[in-house]
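Heads up, the thing below is written out as structure tokens.
The values are calculated or read from the model by the stated rules, or taken from the named source; none is laboratory data. Keep in mind that what you see is a predicted model, and the values were worked out from it rather than measured. Glycine also receives a Cβ, built like all others from the backbone with ideal geometry; neighbour counts cover every protein chain displayed.
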Amino acid sequence: MLAINIINGLVYGALLAIVASGLALIYGLRRVVNFAHGSLYMLGAYIGYTVAIHAGFWAALLVAPLAMFLIGVLLDRYGLRLLRDYDPLSVILVTFGLLLIVEDLVQTLWGKGNLSLSEPGLLSHSLDVAGMTLPAYRIAVVAVGILVAIGLTFWLQKTRMGLFVRASSTDPATTAMQGVDTDRLGAFVVGLGTALAGFAGIVTAPFLSLSPTMGSNVLIDSFMVVVIGGLGSLSGAFLAALVLGQVQMLGATYLPEISASIPFILMIAILIWRPAGIAGNRT
Amino acid sequence: MSTPFRPGRLALATMGCIALTVAIGQAVSSETALSILTQAAIFALFATGVGVLLKQNGMVSFGHAAFFGLSAYCAAICLQETQWPAELVILVSLAATTIFAFLLALVIVRVPGIAFAMLTLAFGQLFYQLALKSRSLTGGADGISVAWPDTLFGIPTSTLLDNGIIFTISGVLLVLTLALLVCLHHSRFGQTTEAIRDNPERATFIGIRPTLPRALVFTLSAAITATAGILAAFNSGFISPDSLHWSISGTVLMMVVVGGYWNVTGPALGAAIYIVAKDLIGDLSTHWLSLFGVLLIVIVVFTDNGLSGALRTLAARARPTSAPRHP
């Protein structure tokens with residue numbers, strides 16, 4: 001029982017890690033708290049749903065993130081880049097406006113009801129691991145979460161582009177002076193962050209049903225991950241996602257009355273103790 | 001720059017607005033129109049609370065719905081669990097919410113910028129969860145009814161709940177709050193908080209400790225919002241966790257910015273426009289959420305200070321300038 005809860009916590013933690021890493025990337029480079037991130041996750045899930053019905057789950061797994069990448073690039077080019085000189089509140093409110101538009105779009109195109117998608121045939125069986133019967137799909141989700149974490153860390157730490165992203169996150173003006181095309185970099189990073197949201201959306205679709213409210217819940221949870229981990233810090237976000245996944249799942253089983261409050265109390269404590277988050281050194 | 005303070009003018013304008021509110025309450029006969037106007041006045045008060053925090057402190061709250069709901073829940077629970085007279089319950093609910101907000105403010109106003117907004121979001125959602133989960137006390141997701149007695153302040157409750165009367169009460173409270181805020185803006189305290197808002201470091205250098213003034217503005221802002229919460233609980237006789245959700249705080253923040261928070265009356269204007277337009281457009285189209293999203297983005301990007309700022313600019317342009325300025 002405990003082991004199954006821990007694994008469910010890992011599954012949720014992996015999902016949160018994927019969504020929140022997108023949020024952290026966008027915050028790191030553009031200094032934007034993106035309130036539309038949850039609705040972009042939802043849009044990715046719904047786009048994936050439609051593709052999956054016509055061309056199968058694996059096609060959806062490819063198309064949804066690509067479509068969201070494109071949307072993210074457009075969002076940066078015709079949104080965030082133009083808003084660089086606005087105060088943070090204005091930009092937050094623009095993303096809030098975007099949230100309203102995307103939610104309405106999803107309700108209009110796909111309706112208000114719940115939709116569900118079945119697991120791909122390859123992963124629909126169960127696995128026996130150490131005496132427990134676990135759905136293969138959930139194990140795959142955890143594996144995907146780990147791969148995303150490793151991949152992003154490798155990209156940021158070891159590649160030339162990752163170096164530019166880190167430099168631009170610290171000081172965009174100086175980075176631009178060194179000859180880095182920060183506009184293209186920004187578009188790519190916001191695209192990647194949005195693609196990660198969409199990817200998490202389609203990965204979630206087979207085990208959480210799709211509804212127009214799915215974005216709002218994930219938004220708050222991934223805010224908590226990003227804030228607890230330290231705004232803009234990827235490694236902090238991965239750690240926080242892992243912790244939050246466990247807190248949510250174990251709490252729901254053993255402390256159902258207060259489980260939903262624990263993450264908020266944790267977030268409040270950390271923000272008061274260290275406003276920049278566990279791994280953050282920026283104020 | 002700000003205009004000089006003219007108390008006589010303010011008193012005159014306040015009395016004029018109160019007279020107008022009473023006249024509207026008497027003249028409008030449509031029950032639907034009055035109930036929408038009441039809704040608009042209550043949310044205008046709510047938005048004014050959120051707006052003063054932004055204007056005087058430069059702080060964004062994504063959690064004010066907590067105060068809106070807290071005072072209403074407090075009233076509902078007191079009326080249900082105790083034998084206190086309802087007049088006392090109203091005072092206790094407002095006082096409890098205000099004191100709580102003050103204690104909370106002493107801790108959280110030290111946190112700067114975006115982290116503060118996230119902190120208010122977390123507190124707001126914490127209260128939402130508490131209201132949702134404490135079923136024995138709050139009725140959980142179903143909410144609870146607020147059982148007002150038959151008479152309140154010596155007047156039969158049914159009379160007070162007449163659409164024209166409740167609108168007049170809400171409207172007059174709104175006008176008085178706005179007048180109070182205009183006085184605050186011109187007071188020494190108002191100037192102090194604005195100095196802290198613009199540059200906390202320099203304000204500290206000239207001997208102002210930032211925490212207490214900031215906390216007091218936060219408390220005032222929460223008290224105004226709590227008053228709106230009590231009015232809403234009186235008007236609808238019902239409170240549910242939905243009123244505490246962060247999306248309510250977000251929507252009200254949207255009203256504040258659409259109206260323009262640099263003017264004292266801006267947030268109220270934004271709220272009134274939102275509520276009335278939602279009703280008018282809601283009949284025509286189901287896409288009013290998108291429309292507001294687009295409107296919000298357009299206003300944030302293209303105006304300096306929301307609709308009230310845009311109106312002021314237009315008025316200034318329309319007025320013939322007495323002395324054309326040359327550089």
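Numerical summary
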{"item": "So residue B:232, is it surrounded by 24 or more Cβ atoms within 10 Å (Cβ to Cβ), closer than 30 Å to residue B:311 by Cβ and out of contact with any Gly (no Cβ under 8 Å at 6 or more places or on another chain)", "result": "yes"}
{"item": "Among the residues listed as B:106, B:132, the single one being within 12 Å of chain A (Cβ to nearest Cβ), within 26 Å of residue A:260 (Cβ to Cβ) and out of contact with any Cys (no Cβ under 9 Å at 6 or more places or on another chain)", "result": "B:132"}
{"item": "Residue, nearest to residue B:249 (Cα to Cα), within region A:204-233, restricted to residues that are hydroxyl-bearing (Ser, Thr, Tyr) and touching a residue at least 12 places away in the same chain (Cβ under 8 Å)", "result": "A:216"}
{"item": "Within region A:229-267, tally of residues that are over 16 Å from residue A:5 (Cβ atoms) and surrounded by fewer than 19 Cβ atoms within 10 Å (Cβ to Cβ)", "result": "5"}
{"item": "Residue in region B:229-250 that is outside any helix (DSSP H, G or I), more than 30 Å from residue B:136 (Cα to Cα) and either within 14 Å of chain A (Cβ to nearest Cβ) or among the polar types (S, T, N, Q) (or both) present", "result": "no"}
{"item": "Options A:84, A:77: the member that is charged (D, E, K, R), more than 12 Å from chain B (Cβ to nearest Cβ) and within 30 Å of residue B:198 (Cβ to Cβ)", "result": "A:84"}
{"item": "Enumeration of residues in region A:259-279 that are modelled with pLDDT of 75 or more, at the interface with chain B (Cβ under 7 Å from one of its Cβ atoms) and over 18 Å from residue A:241 (Cβ atoms)", "result": "A:261, A:268, A:272"}
{"item": "Top-ranked residue in region B:281-310 [being assigned to a helix (DSSP H, G or I) and touching an Asp or Glu at 6+ places or on another chain (Cβ under 9 Å); ranked as nearest to residue A:82 (Cα to Cα)]", "result": "B:293"}
{"item": "Unique residue being within 22 Å of residue A:64 (Cα to Cα), part of a loop (DSSP other than H, G, I, E, B) and within 11 Å of chain B (Cβ to nearest Cβ) when the list is A:212, A:206", "result": "A:212"}
{"item": "Segments classed as helices (runs of 4 or more DSSP H), wholly inside region B:1-106, with at least 1 members that are under 30 Å from residue B:316 (Cβ atoms)", "result": "B:7-27, B:31-52"}
{"item": "Hey, residue B:110 in contact (Cβ under 8 Å) with a residue 12 or more places away in the chain, among the basic types (Lys, Arg) and either over 21 Å from residue A:223 (Cα atoms) or surrounded by fewer than 17 Cβ atoms within 10 Å (Cβ to Cβ) (or both) or not", "result": "yes"}
{"item": "From the options B:204, B:159, residue that is in contact with a helix residue (DSSP H, G or I) (Cβ under 7 Å, 6 or more places away or on another chain) and surrounded by fewer than 17 Cβ atoms within 10 Å (Cβ to Cβ)", "result": "B:159"}
